[in-house]
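Structure, as structure tokens:
The values are calculated or read from the model by the stated rules, or taken from the named source; none is laboratory data. On a predicted model such as this, the values are computed, not experimentally measured, just so you know. As a convention, Cβ positions derive from the backbone with ideal geometry for all residues, glycine included, and neighbour counts pool all protein chains shown. These area figures cover heavy atoms from the full protein model, side chains too; ligands, DNA and RNA do not enter into them. Shrake-Rupley method; radii C 1.70, N 1.55, O 1.52, S 1.80 Å.
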Amino acid sequence: YHDLLDFINGLAAMPEFASIHVVGRQIQAVIANWQDTHDFDCDYYYHGRAFTEGGCPYTEQQMMAAPYGVTWHGRYNHIGESHYYFSDQPLGALREVHKHCSKKMPVQIAKMKPVQSVRLIDLSLEVKVPNKFLEYCRFSPEPADYNKVKREYLIPCYVASCCKLHGIEGIKYYGSRDYTNYVTWKDGYLAY
């Protein structure tokens, strides 16, 4: 517990030195030696985007592309980093979008199918015994926290950086008991 808290403090103060922190080195070693990668495991996936009430729906191209340079801090992406988030259920796409905007905003959901293979690590398992590392990867930001850098996302973003460094193309991660989420570092793995 204290090592993870110390690591968050280090990530917040000097993220460029994360790989020399004892926890950062441990995470990087685990990712570097990760043998059990997965490909897509569903026939269809769902991506959601909120839009303004009464506004024009997104085009197919806009729904398929991760917006470049305009993103907020996400669970597995730094500010401005374009990653593609999706879920294995329409409900998951809807709930995940509503975590970041008003529940009154309409959400457009794209149904997509995989068109190429991907190498994913799986962090989606339901935790039966306490696991501090997964707990730190799953924290939700405080609703009233208006900081652009979310402390809850510091460790997951570091995990994503380690994955990229070692040729892993995305992460399958826990959404809820009803759905599983996914993120890839680029779009193009899925199509309408």
Strands (runs of 3 or more DSSP E) contained entirely in the stretch 27-135, each with at least 1 residues that are over 14 Å from the mean Cα position of the chain (by Cα): 45-50, 107-114
Residue check for TYR136: in contact with a Leu (Cβ under 6 Å, 6 or more places away or on another chain), surrounded by 17 or more Cβ atoms within 10 Å (Cβ to Cβ) and among the hydroxyl-bearing types (Ser, Thr, Tyr): yes
Matching residues, the stretch 98-121, being hydroxyl-bearing (Ser, Thr, Tyr) and modelled with pLDDT of 90 or more: SER117
In the stretch 43-53, residue farthest from GLN89 (Cα to Cα) [restricted to those that are in contact (Cβ under 8 Å) with a residue 60 or more places away in the chain and open to solvent by less than 50 Å² (accessible area, probe 1.4 Å)]: GLY48
Evaluation of PHE17 against (1) closer than 22 Å to LYS172 by Cα; (2) free of Cβ contacts under 8 Å to residues at least 12 places away in the same chain; (3) not polar (S, T, N, Q) (one fails), failing number: (1)
Near pairs, Cβ below 7 angstrom, 6+ apart or cross-chain, from the stretch 128-144 (closer than 22 Å to ASP3 by Cβ and of a type outside the set (S, T, N, Q)) to any residue that is open to solvent by 90 Å² or more (accessible area, probe 1.4 Å) and in a helix (DSSP H, G or I): none
Residues of the stretch 122-178 that turn out to be out of contact with any strand residue (DSSP E or B) (no Cβ under 7 Å at 6 or more places or on another chain), β-branched (Val, Ile, Thr) and at pLDDT 90 or above, as a count: 2
The stretch 165-192, subset more than 13 Å from ILE121 (Cβ to Cβ) and part of a loop (DSSP other than H, G, I, E, B), residue most open to solvent (accessible area, probe 1.4 Å): ARG177
Residues that are open to solvent by less than 80 Å² (accessible area, probe 1.4 Å) and farther than 19 Å from TYR173 by Cα, drawn from the stretch 95-114: CYS101, SER102, MET105, PRO106, VAL107, GLN108, ILE109, ALA110
